[in-house]
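Encoded as structure tokens, the structure appears first; notes follow it.
The values are calculated or read from the model by the stated rules, or taken from the named source; none is laboratory data. Small disclaimer: the values here were computed from a predicted structure and weren't measured. Backbone-built Cβ (ideal geometry, glycine too); neighbour counts: all protein chains shown. Note: areas computed on protein heavy atoms with side chains; ligands, DNA, RNA excluded. Shrake-Rupley method; radii C 1.70, N 1.55, O 1.52, S 1.80 Å.
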Amino acid sequence: MSTDLLFWGVTTLALASGLVLGWAVRGRRSSESREWPRRWRLNARPVFTADERALFKELRSSLPNHVVLAKLNLLRFCQAADDFEARNWYDRLHTLHVSFAICTPSGSVVSVIDIEPAHKAKSQRSQKLKEAVLEACHIRYVRCRTGQKWPQPALMAAWVLGQTAPVQ
């Protein structure tokens, strides 16, 4: 009987000590994370590369009746059809971005463009996932490489929107 009492006493004491220690460490960590840095070691940087800036200007002038959004996460314009699958889709898609999204004035995405640096290798798996998601959402997907010559302004809208004749 005394060994059972000793066992339960030591177990209860160990559990209580663990809880107190965990609470203390958690409180210390959360107070440290709330402290502001004394020195902000950050520098501003441009949003666009030179190629992205050039294409953005071309898109804006070629598509005056559309909205051009830059560097957008796929989750901003697609969502799970079933609420219970939302977390699974979030986990799959939260790392995928597109360089530009071409939208109607009401905000519906009709086409996306990716500018891919020639020196940077992309994961085949994530590329296939991105293509499948955009196809499922009925969104045109255009890929191009940095340094690639863009179509003439008269053909830009047709190239981006997938039309056979230039848009007037």
Scalar couplings 3J(HN,Hα) for the stretch 113-119 by Karplus 6.51 cos²θ - 1.76 cosθ + 1.60 (θ = phi - 60°), nearest whole Hz, x for Gly and Pro, are 10, 10, 9, 10, x, 5, 8
Connecting every pair of Cα atoms under 10 Å apart in the chain and solving the GNM, the largest mean-square fluctuation among ARG92, ARG26, ARG145 falls on ARG26
Of GLU52, GLU116, GLU85, the most mobile residue in a GNM of the chain (C-alpha springs, cutoff 10 Å) is GLU85
Note on the chain: helices (DSSP H) long enough, at least 24 Å by alpha carbon along their axis, and hydrophobic enough, mean Kyte-Doolittle at least -1.0, are 2-34
Cα gyration tensor of the chain diagonalised, 5x eigenvalues square-rooted, in angstrom largest first, produces semi-axes 52, 22, 14
Long-range amide H partners of VAL112, meaning residues 5 or more apart or on another chain whose placed amide H is closer than 5 Å, are ILE102, ARG140, TYR141, VAL142
Under the 7 Å Cα-to-Cβ spin-label approximation, ARG145 and TYR90 lie apart by a distance in nanometres of 3.8 nm
Ranked output for segments 128-137, 5-14, 40-49 by mean other Cβ atoms within 10 Å, highest leading, reads 128-137, 5-14, 40-49
Carbon plus sulfur, as percent of the 1.4 Å-probe accessible area of the chain, comes to 56 percent
In deg cm²/dmol, rounded to the nearest 500, the helical mean residue ellipticity at 222 nm of the chain, built from -39500 (n - 2.57) for every DSSP H run of length 4 or more, is -15000 deg cm²/dmol
Rounded to whole Å², per residue accessible area for the stretch 47-168 with a 1.4 Å probe reads 64 Å²
Spelling it out for LEU96: with amide H atoms placed in the peptide plane at 1.01 Å from N, the residues 5 or more places away or on another chain with amide H under 5 Å from its amide H are LEU74
Plugging the Cβ-Cβ distance of VAL110 and ARG41 into 1/(1 + (r/R0)^6) at R0 = 30 Å yields, to the nearest 0.05, a FRET efficiency of 0.15
